[in-house]
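As structure tokens, the structure follows; a few thoughts come after it.
The values are calculated or read from the model by the stated rules, or taken from the named source; none is laboratory data. Just so it is clear, the structure is predicted and the values come from calculations on it, not from any experiment. Counting neighbours? That spans all protein chains shown, and the Cβs are built from the backbone with ideal geometry, glycine included.
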């Protein structure tokens, strides 16, 4: 069945294959264009460097009028990422616009890694550490990066 | 999101006019939420009171839905020869099922009432508006009297933050439907193509906006009668059909989003021009403003949005202000402002057709909300 959401997602996928932004990959799960797996690589020359972080994106039929539900599967330590992996990012909530495609969503999440928004903490420990003890924060991030290689 | 909308409404209220603090409480009357509540509350009454053509249809539609769910409800009570009336019988031995049925009926009624029927209301005489302010400010009542002399009717739109764009959509398509102005359609198509190029030059991926563009162009084709496409899509395109489309979320929201794309593109393209206005309004950069206040659905519109949309599409818009400003001694007057497309955009129009100076779209602005006005 081809709905506007599915048609749009096919184009999202095509774009991501033809013109993938650096450090990002994503694809629908077999037989289900509404459910995607994605990987974001930690940006170079940052504490996140070398990390491979897995995410899932769940789209509904009202996409692109409504944002997908995006969640990290890999364990994260970040001021704007909840313990369950869900992400506190404006464009995934009230600032969503159909102008964003999957590539843009993943790129925004990638830049959020190094550029947390301390005003909307989802992980208070990470938020506090980020502003008060950067050295310890970076150490914790490196731990997460290492875990991302081994975790299933 | 609701809270944020409220905050925006508050800000708009404050920026619209300077008023003595003692009156601030009364201004709650104008909040979007309030307008929404009023709308849904009076909807049932309206349907009975106003003898418009669309009215009968709506009531039928509502009753059909209601009837089908009552039928469903009855089948839930398998075999019990139960009349519809006994739904209200609280002694019925299957309270759970009873509860479910009532819940379902209410859910359907609420869905129909709010989701579908309030995007775009029926035309109403301005006396309906006066009734709303019966116990309100005498200045407003005076102003409504003045409006009543110039305008025949008002059509309300849902106060969901998209009211400006939705009012514009309906008003524009209705104008094309009534005037069958093919030259205007050709002209606006030229502007739409310009907008497409603008978005491309700003680095947007085509497929993120092309669905929205094609849906708007499709609506234009549909309202032009005698057009091959309009016959294919809908041989009897009427105002009722336009109302239905405006209430169909999958069409209405897409067209609203199309206007948001166009508005955002125009603001970004002429960011130097818009920057001072945006700074005055929100203290944000042009980029931030477009990202947070133009592109997301449900973000309310201000003069920046209206100017940008009017310029981009080359469509003049008149906004009539119903507020408590300018209550000088000796006669109450109602302010209006005409948003006329800039000359730069006129030259973009194909065929060199001149943009009419008198706007054919008139919107009524009450702080925080836009509705459509019909001149006499």
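Data for the structure
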item: Residue in the stretch A:85-93 that is touching a helix residue (DSSP H, G or I) at 6+ places or on another chain (Cβ under 8 Å), touching a residue at least 60 places away in the same chain (Cβ under 8 Å) and farther than 23 Å from residue B:253 by Cα present; result: no
item: Criterion: surrounded by fewer than 21 Cβ atoms within 10 Å (Cβ to Cβ), within 14 Å of another protein chain (Cβ to nearest Cβ) and under 25 Å from residue A:49 (Cα atoms) - qualifying residue of A:101, A:84, A:90; result: A:90
item: Residue list for the stretch A:28-43, filter: under 15 Å from the mean Cα position of the chain (by Cα) and over 20 Å from residue A:64 (Cβ atoms); result: A:39, A:40, A:41, A:42, A:43
item: Count of residues meeting criterion [farther than 19 Å from residue B:259 by Cα, assigned to a helix (DSSP H, G or I) and either modelled with pLDDT of 95 or more or touching a helix residue (DSSP H, G or I) at 6+ places or on another chain (Cβ under 8 Å) (or both)] in the stretch B:179-188; result: 1
item: Test: residue A:113 is assigned to a helix (DSSP H, G or I) and over 26 Å from residue A:8 (Cα atoms); result: yes
item: Matching residues, the stretch B:144-175, being under 13 Å from residue B:374 (Cβ atoms) and in a helix (DSSP H, G or I); result: B:147, B:148, B:150, B:167, B:170, B:171, B:174, B:175
item: Output for the stretch B:194-215, where each listed residue is in a loop (DSSP other than H, G, I, E, B) and under 27 Å from the mean Cα position of the chain (by Cα); result: B:204
item: Pick from the stretch A:49-65, criterion surrounded by 15 or more Cβ atoms within 10 Å (Cβ to Cβ) and within 14 Å of chain B (Cβ to nearest Cβ), ranking: farthest from the chain's Cα centre (by Cα); result: A:65
